[in-house]
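Just so it is clear, none of the values below were taken in a lab; they were calculated from the coordinates. As the structure is a prediction and not an experimental result, all values here were calculated from the model. All Cβ positions, even for glycine, are placed from backbone atoms using ideal geometry, and neighbour counts span all protein chains on display.
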Amino acid sequence: MNIGILGGAFDPFHKGHESLIKGAFKSKLVDVVIVVPSGRSPFKPGHMISPAPYRYYMTKEAVGSDFKDEPVFVSDIEMTYSGTSFTINTLRELSKPTYIRTFLESNGVDLKRVKENHKYYWITGSDVLTSFEKWHEPEKILKITGMLVASRPGDGVDIKEQVKRLESLFGFKPDIQTFDIKGVEAASSDIRISRDYKNVPDSVADFIRTHALYEGDPFEGASDEACECFYEYAIKLYRYLGQNRLLHTLNVGILSLKYARIYDKNLCDRALIAGELHDCAKELDEEQQRDMAYELVGDLFTEKKILHSPAGAVLASREFGITDPGILDAITYHTTGRGGMTLLEKIVYLADKLEPSRTYADLSKERELAVTDIDAALRMCVKSTKKKFESRGQKVHPLTVDFMKDILL
Ligand SMILES: [Fe+2]
Ligand SMILES: [Fe+2]
């Protein structure tokens, strides 16, 4: 089969990407297209773009809603291999028979076709040709893959000329094919800045709103080191958590940072990381959670629903290298609260209840209060928790009783 690959940051995926894919199919040079959102991007270091899981899931939503009839699939490969996501590395990993066969099969491609020998085409805009030699290991890229170059009327690139140039530069004739597109011209950076979503699929606009993306700089106040950790942990968490919980936990990290900016700037880095990791153990199996919880706090947490909080502290220290006792406590007590909570613990507790994708109740009042009076917001949340327990006839955890006394008196 001819497999087209479209790589990019997709922050966000927009209608320009959509028209590239449609154009590639129209050219009949590809049988399937694999969209690969970048993981650890070599070109956009730091926190210039959204953490990888947001972009991966947003792209999945877009592709799921826009390409119902064409075989377009999204690959998480740049989140599953370690190291910087250079195109050459991604191509090497993606084209390994074990990977590509499993990937295509799991996406429902006919087994006969899966087993064929595949030819790869990197799908790109024509401007890329003019500076392609600056890519990391460009010759090696062109030995693994052909290029499928989109030509837009009036884009000012003489593709034939560029192919000749690359041929003489590399000493062999690369397989470069072209196709025409009309479609929408859009730039992700413009969309992020303007927050005008007319050029993104509806599913993407919904995703952006649900997770409050592109609302100012979410990492303002955090150090570069903390941001780097956040981005790396976000990729690592992909191994531990499914879509909703992973996005929830990233949202909690970002909202915790926002509260830290308001209440104590010195807590910014720690709030970001504690919030991000607070639910890291929630999808481990119950026995594992129970053992880890016991290891940290003995019999203090026995109920299934809350095991993941002490277990999370153990996982955060064991697998993510967290040693800061304040961060570990914020993770341990995020479900129950406790008497005498630190500001960091309160921040994570509250952010967990109020992060933007939470829709279990109308939280507008709590959200308003949270940015002006953290204790008042906590009181509101605790009151509704108390009501919930009472209506279900459930026993309140002794730590929560202490927390309630503390906060309500
Ligand atoms: Fe939790
Ligand atoms: Fe949570």
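Quick notes on this structure:
- Rounded tilt (10° steps) of 398-408 against the dominant C-alpha axis of the chain: 80 degrees
- Helix 52-66 and the longest principal axis of the C-alpha atoms of the chain enclose an angle of approximately 60°.
- Volume of the convex hull of the chain (Cα atoms only), normalised per residue: 158 Å³.
- Folded to 0 to 90 degrees: helix 268-277 orientation relative to the chain principal axis, Cα: 80 degrees
- Amide hydrogen neighbours beyond the local backbone of D373, cut-off 5 Å, H modeled: none
- Restricting the trypsin sites (Lys or Arg not before Pro) of segment 180-281 to loop positions (DSSP other than H, G, I, E, B) with no more than 15 neighbouring Cβ atoms within 10 Å leaves K182, R195, K198, R239.
- Compactness of segment 217-407 - radius of gyration and Dmax, Cα, Å: 15.5, 47
- When +1 charges are put on Lys and Arg Cβ atoms and -1 charges on Asp and Glu Cβ atoms, the dipole computed for segment 307-409 relative to its Cα centre reaches about 500 debye.
- Set the Cα radius of gyration of segment 2-205 against 2.2 N^0.38 Å, with N its number of residues, and you get 0.99.
- Neighbour counts of other Cβ atoms within 10 Å put H136, H278, H17 in the fewest-to-most order H136, H17, H278.
- Candidate lysines - alpha carbon under 21 Å from K173, same-chain residues fewer than 8 apart omitted: K119, K134, K140, K143, K160, K164
- Cβ crowding within 10 Å ranks E225, E319 as E225, E319, fewest other Cβ atoms first.
- Each residue of segment 168-182 was assigned a 3J(HN,Hα) from its phi angle through the Karplus curve 6.51 cos²θ - 1.76 cosθ + 1.60 (θ = phi - 60°); the sequence is 6, 5, 9, x, 8, 8, x, 7, 10, 10, 10, 9, 9, 10, 9 Hz, with glycine and proline shown as x.
- The chymotrypsin sites (Phe, Trp or Tyr not before Pro) found in segment 285-366 that occupy coil by DSSP, while having at most 12 further C-beta atoms within 10 Å, are Y360.
- Listed by chain and number, the aspartates and glutamates whose C-alpha is less than 13 Å from the C-alpha of K383, apart from same-chain residues fewer than 8 away, are E366, D375, D406.
- GNM remark for the chain: springs join alpha carbons under 10 Å apart, and the peak mean-square fluctuation among V33, V348, V252 falls on V33.
- In the chain, the calculated helix contribution to ellipticity at 222 nm averages -15500 deg cm²/dmol per residue, counting -39,500 (n - 2.57) for every DSSP H run with n ≥ 4.
- Simple Cβ-charge dipole of the chain, Lys/Arg +1 and Asp/Glu -1, about Cα centre, in debye nearest 20: 740 debye
- Residue of L363, L250, L350 that the Gaussian network model of the chain assigns the largest fluctuation, springs spanning Cα pairs under 10 Å: L363
- Contour minus Cα-Cα distance for L111 and D402 (0.36 nm per residue): 98.8 nm
- Taking one quarter of the surface of the C-alpha convex hull of segment 144-195 gives a mean projected area of 5.3 nm².
- Whole-angstrom gap from segment 319-379 to segment 177-230, using each part's C-alpha centre: 27 Å
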